[in-house]
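What follows is one structure encoded as structure tokens, with my remarks underneath.
The values are calculated or read from the model by the stated rules, or taken from the named source; none is laboratory data. Keep in mind the model is a prediction, meaning the values are calculated, not measured. Reconstructed Cβ throughout: ideal geometry from the backbone, glycine too, with neighbour counts over all protein chains shown.
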Amino acid sequence: MCGIAGYLRLHPEKTAPMPAAVGGEMLAAIRRRGPDGAGEWRSQDDLCWLGHRRLAVIDLQTGDQPMGNEDGTVWTVFNGEIYNFIGLRAELERGGHRFLTRSDTEVLVHGYEQWGLEGLAKRLQGIFAFALYDVPKRTLSLVRDPMGVKPLYWWSDGDALLFASEMKSLLRHPALRGRKVNRSGVAQVLVTRYVSRPATMFERVSRLPEGCCMAVAVNDPSPPRPLRYWDVSFRRESVGLEEATEQLDAILKRTVDMQLMSEVPLGVQLSGGVDSSLVVALMEILRRERGDPAPVKTFSVGFDVAEYSELAYARKVAARYGTEHHEMTVGFRDFIEELPFLAWIYDEPMGEPPGIPTYFMCREAKQHVTVMLCGEGADEQFGGYSKYLFDQFSAAFDWMPAGIRRALMRGVASGLPFGSRRLRSMGEILAIADLPRRFASWYGGFDAEHQARVLSDAMKREVGDGGLADTFREIVDACDSSGTLDRFLYCDIHSRLVDDILVKSDRMSMGAGIEARVPFLDHKVVEFAARLPRHLKVSGLRSKIVLKRLAARYLPRETIYRRKVGFTVPLTRWFMGPWRGLISDVLLSDRCLDRGYYDADVVRGIVSDHVRGRVDREQGIWLMLALEIWHRLFVDDDGSEAAVGRVKADFARSLDTLAAPAGAREMSWHANLQLP
């Protein structure tokens with residue numbers, strides 16, 4: 001795992017070479033992704049510059065980058081892991097290619113020579129984002145893994161092209177000093193928590209979509225255009241529950257086994273839920289088969305508010321498998337003190353508040369491991385979220401005219417008490433008859449209807465819904481299944497998972513110098529899950545059916561079939577209590593309301609309704625807070641790490657109010673717990 005950056009002069013007569021100081025700044029901005037070293041390469045004609053920050057995991061001695069082939073005609077910078085690189089290397093060696101390192105990176109340059117860009121991409125099994133520069137052809141190619149686990153941003157004005165692992169790295173180049181906010185992105189964040197790829201929060205800054213590659217050549221008049229080399233298909237296979245369970249057991253064991261590849265210590269992010277617990281169980285089985293004497297290392301984080309913490313469940317799994325267990329708890333002071341810094345790490349508005357405790361866990365885990373496996377992605381493959389169950393009920397209202405449906409469901413939702421936020425949200429979303437708009441609204445801050453109230457009249461005229469309906473309709477139409485659940489899962493894979501959940505996982509782990517691996521998002525596992533019949537995923541009020549059947553072989557029943565808590569932050573009570581002054585100082589400030597994004601009276605009403613206990617709008621308040629902090633870091637200020645201190649100064653009054661007594665810290669860490 002690493003951080004990468006690069007620059008190509010598309011029209012040399014109109015552009016200058018990459019200044020050495022600017023290249024250094026771009027790499028410094030992502031140094032946390034690669035704390036173990038840095039490297040740069042320039043083509044002799046100064047058309048191309050490649051930069052790399054290294055987190056050493058494989059081939060610690062000879063795996064430095066940028067890396068070239070034998071004659072220096074192909075160069076690469078690479079972020080990720082290629083789990084099947086040993087087999088690919090053997091195939092390439094039989095074809096006459098000579099390797100100089102033991103690194104998976106070197107497979108990329110030789111594989112490109114042998115199979116071309118698309119042929120190489122289709123053969124890779126892993127998590128990756130990389131760039132290849134073909135010196136004779138003067139062509140730069142960018143590739144992102146099938147599920148978009150690893151990020152890749154790029155910018156071009158037609159005369160030059162920049163790319164980097166994180167947007168903050170691009171912002172260090174002078175060409176982006178005059179950057180403009182993508183106002184459609186602001187509207188999208190309020191509904192979905194994120195900006196839908198390929199767009200970002202800045203105009204002309206794009207993300208390479210998951211499963212895509214892109215090649216650009218010097219003096220090529222055509223604009224850069226990503227090409228999809230992989231997508232998931234929902235072509236069904238006839239299989240029963242027991243047979244599917246056996247197949248899933250085998251494929252997950254193979255996948256976890258591949259992902260144990262490492263020359264540095266590794267562990268597991270153990271939430272206490274079924275997915276990460278199953279990863280722990282499979283790791284322990286594989287450890288015993290290998291005769292490895294070292295126990296699995298597990299790491300958990302929870303909150304000081306008991307009903308929001310799953311530490312007790314994580315502890316039981318750790319005890320069952322005799323892991324070397326570490327856990328910590330965090331509170332509201334930890335959140336607020338680190339919020340500006342972690343908003344900077346996050347790069348885009350922090351739509352997922354659980355990212356903050358995830359960072360704390362990874363930061364402490366770094367003292368013990370460099371690689372961590374986690375359970376991300378299982379819900380999107382096997383139908384684990386409650387929204388998949390609830391959305392089944394939408395069909396019961398399809399016979400109603402849209403206006404009547406909206407009035408009825410919203411009337412029911414509005415009559416629910418403060419403590420019924422989830423039921424109210426479900427009613428508000430089921431009121432939406434249009435399928436793509438309904439998909440976009442699940443688990444957002446405001447559903448599509450409430451977004452229209454929050455936005456100012458000028459924003460509504462300019463951007464409307466931010467293009468969400470068209471974006472989601474395009475994704476839904478690309479699915480090769482007509483089943484509603486299939487289309488919902490497909491939509492999540494190509495929207496919330498890649499643009500939100502995996503952004504959280506990548507930024508918070510890499511921000512602490514930890515490589516996060518995701519067995520459930522290996523594209524072979526994703527292909528297997530997509531072929532399963534619908535009734536093996538969701539049926540009636542049962543979810544994730546085949547995965548839970550497999551988990552029953554390895555985990556206690558209470559771990560599998562208890563009510564799903566998820567990694568939920570106690571924002572509702574914090575906004576009504578210790579954070580009450582903060583949200584008033586920030587969201588109701590002239591600075592925030594004068595940006596022109598919101599209807600000021602509506603925002604005041606939302607905050608007032610929440611703190612007075614009338615309507616729980618914690619998610620919407622969080623997203624407006626995240627947007628404002630992002631704006632202060634990356635728009636009002638220059639987006640550098642130094643901006644963090646200046647934003648903290650903006651919050652000084654609120655922070656002083658929340659400050660802990662001298663010598664006190666709310667966060668606690670318990671290492672290597674002695675479990676029964």
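The number of residues in the range 68-100 being touching a residue at least 60 places away in the same chain (Cβ under 8 Å) and closer than 26 Å to PRO151 by Cβ comes to 9.
Do any helices (runs of 4 or more DSSP H) lying entirely in the range 326-400 carry at least 1 residues that are touching an Asp or Glu at 6+ places or on another chain (Cβ under 7 Å), and which ones are they? Talk me through it step by step, then tell me what you get.
Working: elements: 332-346, 355-365, 378-382, 386-391.
So the answer is 332-346, 355-365, 378-382.
Screening the candidates ASP457, ASP486, ASP470 for the property of being at pLDDT 75 or above and more than 25 Å from the chain's Cα centre (by Cα) yields one hit, ASP457. Number of residues in the range 209-235 that are buried (at least 20 other Cβ atoms within 10 Å of the Cβ) and over 26 Å from the mean Cα position of the chain (by Cα): the value is 1.
Just the residues that are among the hydroxyl-bearing types (Ser, Thr, Tyr) and either touching a Ser or Thr at 6+ places or on another chain (Cβ under 6 Å) or not in a loop (DSSP other than H, G, I, E, B) (or both), please, taken from the range 263-317. It would help to see each step written out before you state the result.
Taking the range 263-317 and keeping what is among the hydroxyl-bearing types (Ser, Thr, Tyr), we get 271, 276-277, 298, 300, 308-309, 313.
Result: SER276, SER277, THR298, SER300, TYR308, TYR313.
Restricting to the range 232-273, count the residues that are among the acidic types (Asp, Glu) and either more than 25 Å from CYS374 (Cβ to Cβ) or not assigned by TED's automatic domain parsing to the domain that holds VAL546 (or both). Total meeting the criteria: 3.
Test of understanding: among GLY302, GLY322, which residue is at pLDDT below 95, in the same structural domain as ILE545 (by TED's automatic domain parsing) and at negative phi? Talk me through it step by step, then tell me what you get.
Details: GLY322 fails: at negative phi.
None of the others qualify; the one that does is GLY302.
Counting only helices (runs of 4 or more DSSP H) that sit completely within the range 507-576, those holding 3 or more residues that are surrounded by 20 or more Cβ atoms within 10 Å (Cβ to Cβ) and either among the basic types (Lys, Arg) or outside the structural domain of ARG32 (by TED's automatic domain parsing) (or both) correspond to 523-531, 545-551, 571-576.
Looking only at residues in the range 72-106 that are among the β-branched types (Val, Ile, Thr) and within 26 Å of the chain's Cα centre (by Cα), which one is nearest to ARG53 (Cα to Cα)?
VAL77
Just one of the listed residues (GLU289, GLU284, GLU327) is crowded, with 23+ Cβ neighbours inside 10 Å and of a type in the set (Asp, Glu), namely GLU327.
Of the set (1) surrounded by 21 or more Cβ atoms within 10 Å (Cβ to Cβ); (2) under 30 Å from ILE127 (Cβ atoms); (3) at pLDDT 90 or above, all apply to ASP480 but (1).
Scoring GLY272 on the criteria (1) on the phi < 0 side of the Ramachandran plot; (2) touching a residue at least 60 places away in the same chain (Cβ under 8 Å) leaves a single failure, condition (1).
From the list ARG94, ARG177, ARG89, which one is over 27 Å from LYS504 (Cβ atoms), of a type in the set (Lys, Arg) and crowded, with 19+ Cβ neighbours inside 10 Å?
ARG89
Does ARG604 meet the test of being surrounded by fewer than 16 Cβ atoms within 10 Å (Cβ to Cβ) and touching an Asp or Glu at 6+ places or on another chain (Cβ under 8 Å)? First the steps, then the outcome.
Numbers: surrounded by fewer than 16 Cβ atoms within 10 Å (Cβ to Cβ): yes; touching an Asp or Glu at 6+ places or on another chain (Cβ under 8 Å): no.
Considered against the rule, which asks whether it is surrounded by fewer than 16 Cβ atoms within 10 Å (Cβ to Cβ) and touching an Asp or Glu at 6+ places or on another chain (Cβ under 8 Å), ARG604 comes out as no.
Among the residues of the range 436-480, those that are over 23 Å from LEU571 (Cα atoms) and outside any helix (DSSP H, G or I) comprise SER456, GLY464, ASP465, GLY466, GLY467, CYS479, ASP480. Do we have LYS168 as over 19 Å from the mean Cα position of the chain (by Cα), modelled with pLDDT of 95 or more, among the basic types (Lys, Arg) and not in a strand (DSSP E or B) here? No; evaluated as a whole, the condition is false for this residue. Number of residues in the range 110-131 that are surrounded by fewer than 23 Cβ atoms within 10 Å (Cβ to Cβ), on the phi < 0 side of the Ramachandran plot and part of a helix (DSSP H, G or I): the value is 9.
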